[in-house]
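To start, the structure under review is shown below, and the notes come after it.
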Protein chains: 2
Amino acid sequence: MDVAGVLCGRPAARALEEIARFHGAPAPGVVIGAVMVDWARELIGPEVEADAIAETERCLPDAVQLFTPCTLGNGWLRVLDWDRFALTLYDRFDRRGVRVWLDAGKTSGYPAIHDWFLKRLPKHALPLDTLLNSIFEAGRAVLSARPVHVNALLRRSKKEAVGICPGCGEAFDPRAGDLCKGCLNGGYFTWG
Amino acid sequence: MDVAGVLCGRPAARALEEIARFHGAPAPGVVIGAVMVDWARELIGPEVEADAIAETERCLPDAVQLFTPCTLGNGWLRVLDWDRFALTLYDRFDRRGVRVWLDAGKTSGYPAIHDWFLKRLPKHALPLDTLLNSIFEAGRAVLSARPVHVNALLRRSKKEAVGICPGCGEAFDPRAGDLCKGCLNGGYFTWG
């Protein structure tokens, strides 16, 4: 595989290793995600401290978490379950930023990426090495980018007060209501 | 600060460094999260390949992502916005696992943790070193753990087919409906 060059400020081969270590494998979605982060970072400029939004839970959040200071736990990354392979980096002060997405129309020149992205072939018919080579060959040619202005919709609220939920006895955010969201929503577990 | 000992299979001081590098700072919530992961991992046993659930978006997901193979992007970690400081590690095959939570009742013997967790003092009145010392001193004494059986509620669906959204022209999961979730929900941005 030809992984010469620089990706997200380190040798591309090292970026691949970091992806494999964190994500469990050098998954194509995270590798393309790294190319997207790399471009978005360049477009927004080095002077901007950027927050991030990922429009899918699949793969992309890991590229953001590895190659920007934004993580889910520190609140600088917000993740939407919209299943669009797109991310936005934006200035948290003036909320101007750039959205980068994997552009289905542009993938047609790269059959491996096209078939993978649009699920035209079963997974076993697409060898990982072929796909990764195609991703490194394509680089930004399969992406689109455009400036955006982010609205306040996704801002995470600050934790203000803490109460004890009368349902489960655990600490919770009283803005949820009389009970915590776990008790309100019904649990994902039963005690075993 | 006394950070002797072992945490999540590495020297505690190294775990702290990893937290600071990934999260941006050795935030108390991620450090307690590491102690929770450490205990949950021990309780579930080394032979179990575990999936993870975090019941808050704040801090805790980063401890899971750093100290288990589960990340948001690989789908082995699911994150709920319930604002409960609790996590579950469970066997993805029989869905039996263990839930560990920071137990408000048990924090009373550790004033720094108590005041931080229940927001009894403003942030500037709680020096980070004092808080981290208290966390290392307390260890598992401020946590509770109990076996659970996880239901199928949170299982992430596999991507099956990909369509092109007639609204935005981007690739999407057609199970969303006639349009992608971005077009259906209204966007978080305007083109700039």
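The values are calculated or read from the model by the stated rules, or taken from the named source; none is laboratory data. Note that the coordinates shown come from a computational prediction; the quantities given were computed from them, not determined experimentally. Here the Cβ is made from the backbone with ideal geometry for all residues, glycine too, and neighbour counts use every protein chain on show. Heavy atoms of the whole protein, side chains included, go into the accessibility calculation; ligands, DNA and RNA do not. Shrake-Rupley method; radii C 1.70, N 1.55, O 1.52, S 1.80 Å.
Summary table
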quantity	calculated
Selection count where residues are open to solvent by 30 Å² or more (accessible area, probe 1.4 Å), more than 7 Å from chain B (Cβ to nearest Cβ) and either in contact with a Phe, Trp or Tyr (Cβ under 6 Å, 6 or more places away or on another chain) or assigned to a loop (DSSP other than H, G, I, E, B) (or both), scope region A:59-80	2
Pair list, Cβ < 9 Å and 6+ apart or interchain, from region A:180-192 residues that are farther than 12 Å from B:Thr88 by Cβ to residues that are basic (Lys, Arg)	A:Cys180/B:Arg84; A:Lys181/B:Arg84
Filter pass, A:Glu42 being within 12 Å of chain B (Cβ to nearest Cβ), farther than 26 Å from B:Arg78 by Cβ, open to solvent by 30 Å² or more (accessible area, probe 1.4 Å) and not hydroxyl-bearing (Ser, Thr, Tyr)	no
Filter result for A:Trp191 (surrounded by fewer than 17 Cβ atoms within 10 Å (Cβ to Cβ) and touching a strand residue (DSSP E or B) at 6+ places or on another chain (Cβ under 7 Å))	yes
Residue that is farthest from A:Ile19 (Cα to Cα), among those in region A:140-168 that are of a type in the set (Gly, Ala, Ser) and surrounded by 14 or more Cβ atoms within 10 Å (Cβ to Cβ)	A:Gly163
Of all residues in region B:149-175 being among the aliphatic types (A, V, I, L, M) and at the interface with chain A (Cβ under 7 Å from one of its Cβ atoms), the one that is nearest to B:Gly97 (Cα to Cα)	B:Val150
Residue within region A:12-24 that is within 14 Å of chain B (Cβ to nearest Cβ), in a loop (DSSP other than H, G, I, E, B) and surrounded by 19 or more Cβ atoms within 10 Å (Cβ to Cβ) present	no
Condition met for A:Gly182 (surrounded by 15 or more Cβ atoms within 10 Å (Cβ to Cβ) and assigned to a helix (DSSP H, G or I))	yes
A:Leu128 being facing another protein chain (nearest Cβ under 8 Å) and either over 24 Å from A:Leu16 (Cα atoms) or out of contact with any Lys or Arg (no Cβ under 8 Å at 6 or more places or on another chain) (or both)	no
Scope region A:81-93; condition more than 9 Å from every other protein chain (Cβ to nearest Cβ) and surrounded by 23 or more Cβ atoms within 10 Å (Cβ to Cβ); matching residues	A:Leu87, A:Leu89
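Rundown of residues vs (1) within 17 Å of the chain's Cα centre (by Cα); (2) farther than 24 Å from A:Gly5 by Cα; (3) without any contact (Cβ under 8 Å) to a residue 12 or more places away in the chain, yes/no style:
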| position | (1), (2), (3) |
| --- | --- |
| A:Glu57 | yes, yes, no |
| A:Ala63 | yes, no, no |
| A:Thr68 | yes, no, no |
| A:Ala86 | yes, no, no |
| A:Val100 | yes, no, no |
| A:Tyr110 | no, no, no |
| A:Leu118 | no, yes, no |
| A:Leu143 | yes, no, no |
